[in-house]
1. Among DSSP beta bridges lying fully in chain B, give the percent that are antiparallel, nearest 5.
2. From the square roots a ≥ b ≥ c of the eigenvalues of the alpha-carbon gyration tensor of the protein assembly as shown, which class results: rounded (a/c under 1.5), prolate (a/b over b/c), or oblate?
3. Looking at chain A, do any whole DSSP H helices span at least 18 angstrom along their long axis by alpha carbon and average 1.6 or above on Kyte-Doolittle, and which?
4. Between residue A:189 and residue A:246, what FRET efficiency comes out of the Förster formula 1/(1 + (r/R0)^6) with R0 = 41 Å and r the beta carbon distance, rounded to 0.05?
5. Report, in cubic angstrom per residue, the convex hull volume of the C-alpha atoms of segment B:148-270.
6. log₁₀ I(q)/I(0) of segment A:3-274 at q = 0.06, 0.08, 0.13 Å⁻¹, via Debye over equal Cα point scatterers, no solvent, to two decimals?
7. How much length, in nm to one decimal, is gained on full extension between residue B:59 and residue B:280, taken as 0.36 nm per residue of separation minus their Cα-Cα distance?
8. Tell me, how many Å apart are the Cα centres for segment A:87-144 and for segment A:1-21?
Amino acid sequence: MNRIKQRFESLRQQGRKALVSYVVMGDPAKDVTLPVMHALVENGTDIIELGIPFSDPNAEGPVIQKAHERALEHGSSLRDALALVKQFRETDSDTPVLLMGYTNPIERMGYDTFIENAVDAGVDAVLTVDLPPEEAEEFNEHLKQANMENIFLLAPTSSPSRQKKVTDMAGGFIYYVSLKGVTGAGNLDVNSVKENVTSIRALTDLPVCVGFGIKDGASARAVADLSDGVVVGSVLVNQIAALAEQGETNPATYAEAVSVIIAEIREALDKNTLDK
Amino acid sequence: MSSNPKSSNSAVDFNQVPDTRGHFGPYGGRFVSETLIYALDELEALYRKLKDDPEFQAQFDYDLAHYVGRPSPLYFAERWTKETGGAQLYLKREDLNHTGAHKINNTIGQALLAKHTGKKRVIAETGAGQHGVATATVAARLGLECHVFMGEEDIHRQSLNVYRMKLLGAEVIPVTSGSKTLKDAMNEAMRDWVTNVDNTFYIIGTCAGPHPYPELVRNFQSVIGREARQQSLTQAGKLPDALVACVGGGSNAIGLFHPFLEDESVAMYGVEAGGFGLDTGKHAAPLNDGIPGVLHGNRTYLMEDENGQIIETHSISAGLDYPGVGPEHSWLKDVGRVNYVTIDDDEAMAAFRNLTKVEGIMPALESSHAVAYAEKLAREMDPDQMIIVNLSGRGDKDILTVAEIDGITV
Ligand SMILES: Cc1ncc(COP(=O)(O)O)c(C=O)c1O
């Protein structure tokens with residue numbers, strides 16, 4: 001069974017919410033990401049979402065955009081991301097890993113080569129931000145054959161017919177984008193999240209995780225109540241940026257910093273379910 | 001010089017593209033994040049409704065005639081023809097349009113669409129600043145709030161246009177990400193649009209971007225080719241033998257070419273920016289030295305590295321300094337209907353100076369690429385043959401760049 005399915009299954013049994021943590025591969029240096037990934041898991045991350053650096057990440061806000069630039073400065077690539085996951089798997093064979101990126105680097109490598117290498121490395125799912133279902137048919141076929149999940153975004157602007165089209169093709173979980181805008185923007189509108197998650201759930205049995213705009217334990221709790229889990233990205237990347245700006249080069253320092261953030265969110269998520 | 005590819009396409013139906021999903025063969029499409037799908041669906045529905053609406057068309061034609069000053073002349077450049085030697089050189093004078101370039105044809109059309117949506121804010125990306133000026137102009141006329149995204153590098157190169165936009169009431173937002181040029185301005189405009197989609201209409205300046213933009217921009221710009229075809233028949237009594245236009249994103253070129261695509265006797269040449277030379281890698285010629293990929297919402301030929309990262313381009317002209325190209329051009333290249341060639345910085349500069357001296361017409365540095373190629377082509381053709389060059393814009397905006405090359409402070 002795919003690790004993502006397994007993870008949601010066991011979370012469901014424990015009555016817990018999923019915590020998905022996003023960092024950009026190679027930000028700010030290649031040797032930082034592996035210890036960061038392990039630290040994320042040790043502090044309660046259920047699924048690692050690894051951003052693949054791209055020169056033109058136009059769905060990202062300034063925070064994550066700069067992370068892509070930092071990673072590209074020393075040439076981090078899709079190839080490096082795959083090698084990194086393989087290395088991660090040497091000591092962690094349970095935690096699902098999702099690659100999030102843009103279409104062009106994957107197409108450049110070629111769908112077949114990419115998927116072959118991704119399977120070999122132990123990648124469980126792919127989220128291609130700029131590949132909506134209309135353009136994803138071929139890629140989706142390839143992924144299915146390799147038993148890899150194709151994760152899709154749904155947005156507040158997605159119409160009901162759109163929600164249907166996306167959920168029909170989606171695997172793993174539905175990533176609901178809680179606000180109009182790029183990553184890291186604005187504040188959450190809990191009511192709108194509730195309404196949309198309800199209508200998505202009527203269409204699919206897949207778990208629904210909510211991302212964009214989750215800043216801390218409190219905001220994570222607020223949306224976790226309405227969904228199956230949360231995605232945390234910009235807060236982590238912000239912290240990494242702050243250290244990078246100070247010229248920090250010790251990977252352990254980055255790992256400690258993300259640990260603090262994730263531990264707080266994990267605690268809030270678990271407390272939330274106990275309170276209920 | 002490349003041979004004329006005109007005869008290889010008898011089975012291709014040029015009016016069947018794009019298909020309903022915006023595909024030109026394998027190119028085009030809609031490669032955007034989910035948040036934008038709704039806005040693009042809405043835009044497409046509106047355009048489908050208005051496209052053949054006589055009232056909308058009449059308004060568009062009225063604005064082009066009375067505000068832009070169309071039709072633009074098809075001018076026989078007699079002295080330039082004589083000096084060059086060879087085919088007769090005609091200039092389609094888009095430089096005489098209000099605001100000085102072809103860009104306004106498209107912004108008039110998109111602004112009319114914006115008006116129908118009731119949105120009060122328009123945004124645009126710009127490279128040379130011509131599209132930014134054309135957008136700021138129609139926004140001023142319609143009383144819309146206007147934000148123009150422009151790479152920091154281009155703000156420096158095109159400072160005159162930056163000031164024009166400000167005078168027109170637009171806010172020019174410097175873009176400091178990536179290579180700080182047109183592609184990054186487009187990223188930033190897309191980010192803004194995702195965030196402000198409820199009240200904002202995005203006026204894209206070239207025939208690229210996600211469906212339906214390439215189709216819509218082509219159709220608005222096709223007034224150039226429709227006029228040129230008619231003028232050619234009236235003034236010369238025949239169709240031209242060749243068309244030449246520069247290709248940045250490709251809007252002035254597709255506007256000229258499209259109405260002629262089925263005229264098999266008409267050869268077409270799209271001129272990309274050769275920058276420091278094709279073999280240096282420092283250019284902006286994806287159709288000559290790129291491969292198909294996905295950027296800015298469509299699949300098309302791109303300049304990228306072996307990891308699929310988009311690489312920085314170089315051209316002396318800001319308006320051609322773009323690593324992609326409109327998807328219809330990628331398709332026209334593959335089906336062999338249009339020849340895509342390059343002209344480097346030095347050749348473009350020489351053509352700029354020459355046309356200015358010989359005809360008293362100062363071309364934009366973008367258009368100078370077409371002018372330079374037309375000279376080469378004319379010399380290989382007979383004196384009874386005829387070439388139409390799209391003079392997509394006037395060169396006033398480039399005076400500071402040229403002065404800098406000459407070592408003069410203006
Ligand atoms: C005068 C002029 N010509 C050509 C271009 C290139 O754009 P396109 O290839 O879309 O016509 C520009 C772009 O700024 C321009 O200002």
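1. Looking only at bridges with both residues in chain B, the antiparallel portion is about 30 percent.
2. Details: a/c = 2.10, a/b = 1.96, b/c = 1.07.
It is prolate, given that a/c is not under 1.5 and a/b is the larger ratio.
3. Result, helices passing both filters: zero.
4. That pair, residue A:246 with residue A:189, gives E of 0.75.
5. That works out to 142 Å³ per residue.
6. So the normalised log intensities work out to -0.15, -0.28, -0.79.
7. That works out to 74.8 nm of additional length.
8. Going from one Cα centre to the other spans 20 Å.
Any read-out appearing in this document is the output of simple, stated calculations on the displayed coordinates, not a laboratory observation. All values reported here derive from a predicted model rather than from experimental measurement. Every residue, glycine as well, gets a Cβ built from its backbone with ideal geometry; the counts of neighbours run over all protein chains shown.
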